[in-house]
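The values are calculated or read from the model by the stated rules, or taken from the named source; none is laboratory data. Keep in mind that what you see is a predicted model, and the values were worked out from it rather than measured. Ideal geometry is used to build each Cβ from the backbone, glycine not excepted, and the neighbour counts take in all protein chains shown.
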Amino acid sequence: MSFFLSYADRLRAKHLKLYQPKSAKSSTSTTAEQADSNSFIIKRDRRRTDKNEIIQNFLLLWLDAKIDESSEDYRNSIKHLQRTVNTIKPYRDTEECINYISELENEKAFLIISGALCETVVPRIHNMAQLYSIYVFCRKKEKYEEWAKDWPKVKGIFTEIIPICDAVRQSARQCDEDSIVVNAVSSLNQIEPLFMYTQFFKEIILEIDFEGINELAEYAREKYAGNDEHLAIIDEFVRDYRSHLDENNKPIWWYTRECFIYHMLNKALAKLQIEILLKMGIFIRDLHRNIEKIHAEQTNEMFDCTTKEITVYRGKAMTQEDFNKIKQGGLLSFNNFLSTSTDRTVAIGFIQEGLESNSKKIGVLFKMNIDQSISSSSTPFARIDEYSYFKTEKEILFSMHTVFRVHQIEEKEHDGIIFWRVKLSLTNASDDQQLGTLMESMREEITGTGWQKMGLLLWKLGENNKAEQLYNMLLNEASNESAKSYFYHCLGMIKDDLGQYNEAIEFYQKSLDIKEKTLPPNHPDWAQSYNNIGSVYYNMGEYSKALSSYERALEIWKIALPPNHPDLAISYSNIGLVYDKMGQYSKALSSYEQSLEIRKIALPPNHPD
């Protein structure tokens, strides 16, 4: 079964040939593997930086008709709040504030509101999904305490800013917990794109060599501009991180510290923010290796000497829709580095906090059984008590996108908290046939090296905007002509998929121009470009131009390839499609027959083509 078979119509696989660069033996050729080697360096692209981008899962709004942004009290309050929340927006106008909340897509809003406005504004906004929590800031606490009991998102009535800061810090922690995405798949016939992406992403990111932490630090400084507290932490990160990486397990220490690293990485993984993931690639790799290193040291001591197993817990509040996917059974993964505990009550505490933030959600306790026999470097985890910034007990940290199999689901109760207990077992591609089949199918479809595979994966999953963002970034920093040609070609595929045909032809032509300058005459990669240019003209209904491009591709392939190569079959089939559209049916039939004869020789019996 083809892994991407359900996407065949979208990909128009029968007449759009995916450009798969091949190594050229000629010394005059620059291969596409050189264009995208694992050591490809990603530098800062200053032109694409948006300093106003919100890099946390949350932001804070302050609504007060009498707010004085020039006062010392206000500036001191902002300084305290920015220790937790980087983006803070003051509002005097109620309607502007409400409109801003309603337009949020990827973030949750914390709202500080004056006592004078709370009774009229809160009823209007309380049910907005974008609004996470409310803090009433007033002089007379007792005036609103009874009223607040009717509004669960109101976290308290406050007369001083420091207690608000403490409450915001707790909400921020819970908001990050809530943002963790759980991906579930019950069968290979109903695989969700996000599940596929998360499983392959780790493989890709771990095989890429990144330049260093300075690029990450520079990026973070731009995003935290004006936040003195975090700018100082970023400076500390640069001084401290690399010099003590190996001996002090710094990646875990920095990840568990509530600072820019934790917030940026969690949001980027949850929202698939490609630019941030590229900047943080070196840290992601180091954190995985840190967990892997400690895992090797702790393997024997973590497991029960009799059962050779360990059980850990994770609590989460989730929507009914997400829980229904889990109830179908199958495979399940978390999209981040997963923190768990061997203490069941700690996990239930997270459920309680999550339900307090949103009473419409469902409490879920994941009980994860880890069998020592399948513990391997592909699914590393480690007890991090002694390495964490916070010296908490009984914390087990898994590397990102660890996969579990769903077993038993039961409704449970603990101290009045109703939740569903979901029993999971750790698995990996080596020990789980379904997961192994999934990963092998992906590897057959997504070829190349690091960045090539990342872009192709995004494109095949229909994530055109993310793929385009990635290719544009790589194009801007491409170090040779072969790299530029490859990225132009990929951008052409994306534009064709989006129906932006003129731009697609422009990108394909740029790619072809470079190939004609850098590759030998009639190199098969020329044919790839002509073939895809023909596909665009076909989509535009300009069949004579499509025919010309397809025939040029066939002419080159006849010279460069063996007589029964599958690419020739595709070429004849494409030409047949054009003749069919032009009403020249005898020529169409002849082309189809030539294609079929080659396929009979080149492909195994009963092949779908």
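Among all residues of the stretch 239-248, there is none that is in a helix (DSSP H, G or I), under 25 Å from the mean Cα position of the chain (by Cα) and not assigned by TED's automatic domain parsing to the domain that holds Arg173. For Val238, indicate whether it is within 18 Å of His263 (Cβ to Cβ), at pLDDT below 95 and of a type in the set (A, V, I, L, M). When the stated conditions are applied, Val238 passes them. Annotation note: of Asn369, Asn335, the sole residue that is of a type outside the set (A, V, I, L, M, F, W, C) and under 23 Å from the mean Cα position of the chain (by Cα) is Asn335. Can you confirm whether the stretch 87-98 contains a residue that is within 31 Å of the chain's Cα centre (by Cα), free of Cβ contacts under 8 Å to residues at least 24 places away in the same chain and under 12 Å from Met128 (Cα atoms)? Checking the stretch 87-98: not a single residue is within 31 Å of the chain's Cα centre (by Cα), free of Cβ contacts under 8 Å to residues at least 24 places away in the same chain and under 12 Å from Met128 (Cα atoms). Of all the listed residues (Val238, Val312), the sole one being under 30 Å from His407 (Cβ atoms) and of a type outside the set (Phe, Trp, Tyr) is Val312.
Restricting Gln298, Gln273, Gln320 to residues that are without any contact (Cβ under 8 Å) to a residue 60 or more places away in the chain and out of contact with any helix residue (DSSP H, G or I) (no Cβ under 9 Å at 6 or more places or on another chain) narrows the list to Gln320. Checking each residue in the stretch 511-530 for being of a type in the set (A, V, I, L, M), modelled with pLDDT of 95 or more and more than 22 Å from Val578 (Cβ to Cβ) picks out only Ile514. Elements of the type strands (runs of 3 or more DSSP E) sitting completely within the stretch 298-409 and holding at least 1 residues that are farther than 30 Å from Pro152 by Cα and hydroxyl-bearing (Ser, Thr, Tyr): these cover 309-318, 330-334. Among residues of the stretch 516-538 that are assigned by TED's automatic domain parsing to the domain that holds Ile570, those with a Cβ under 6 angstrom from a residue that is at pLDDT 90 or above and among the polar types (S, T, N, Q), sequence gap 6+ or separate chain, pair up as Ser529/Ser511; Tyr530/Ser549; Ile533/Ser549; Gly534/Ser549. Every condition in (1) in contact with a Cys (Cβ under 8 Å, 6 or more places away or on another chain); (2) among the hydrophobic types (A, V, I, L, M, F, W, C); (3) modelled with pLDDT under 75 is met by Ala467 except one, and the failing one is (3). Do we have any residue at all in the stretch 542-563 that's more than 21 Å from Asn522 (Cα to Cα) and in contact with a helix residue (DSSP H, G or I) (Cβ under 7 Å, 6 or more places away or on another chain)? Yes: the stretch 542-563 contains one or more residues that are more than 21 Å from Asn522 (Cα to Cα) and in contact with a helix residue (DSSP H, G or I) (Cβ under 7 Å, 6 or more places away or on another chain). Only one of the listed residues (Thr345, Thr340, Thr319) is of a type in the set (Ser, Thr, Tyr) and surrounded by 14 or more Cβ atoms within 10 Å (Cβ to Cβ). That residue is Thr340.
Selection within the stretch 105-127: residues that are closer than 26 Å to Lys223 by Cβ and surrounded by fewer than 18 Cβ atoms within 10 Å (Cβ to Cβ). The member of this set that is farthest from the chain's Cα centre (by Cα) is Glu105. Report yes if some residue within the stretch 252-259 is outside any helix (DSSP H, G or I), more than 27 Å from Gly455 (Cα to Cα), modelled with pLDDT of 90 or more and assigned by TED's automatic domain parsing to the domain that holds Glu229; otherwise report no. Yes: the stretch 252-259 contains one or more residues that are outside any helix (DSSP H, G or I), more than 27 Å from Gly455 (Cα to Cα), modelled with pLDDT of 90 or more and assigned by TED's automatic domain parsing to the domain that holds Glu229.
The rows are residues; the columns are (1) at pLDDT 90 or above; (2) closer than 23 Å to Phe110 by Cβ; (3) surrounded by fewer than 21 Cβ atoms within 10 Å (Cβ to Cβ).
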position: Glu353; (1), (2), (3): no, yes, yes
position: Glu356; (1), (2), (3): no, yes, yes
position: Ser377; (1), (2), (3): no, no, yes
position: Ile384; (1), (2), (3): yes, no, no
position: Ser388; (1), (2), (3): yes, no, yes
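Go through the stretch 442-461 and give me each residue that's of a type in the set (Lys, Arg) and at pLDDT below 75. Answer for the stretch 442-461, where residues must be of a type in the set (Lys, Arg) and at pLDDT below 75: just Arg443. Does Ile291 meet the test of being surrounded by 20 or more Cβ atoms within 10 Å (Cβ to Cβ) and closer than 16 Å to Glu395 by Cα? Answer is yes for this residue. Just so you know, in the stretch 470-493 the residues that are surrounded by fewer than 22 Cβ atoms within 10 Å (Cβ to Cβ) and part of a helix (DSSP H, G or I) include one that is modelled with the lowest pLDDT, and it is Met473.
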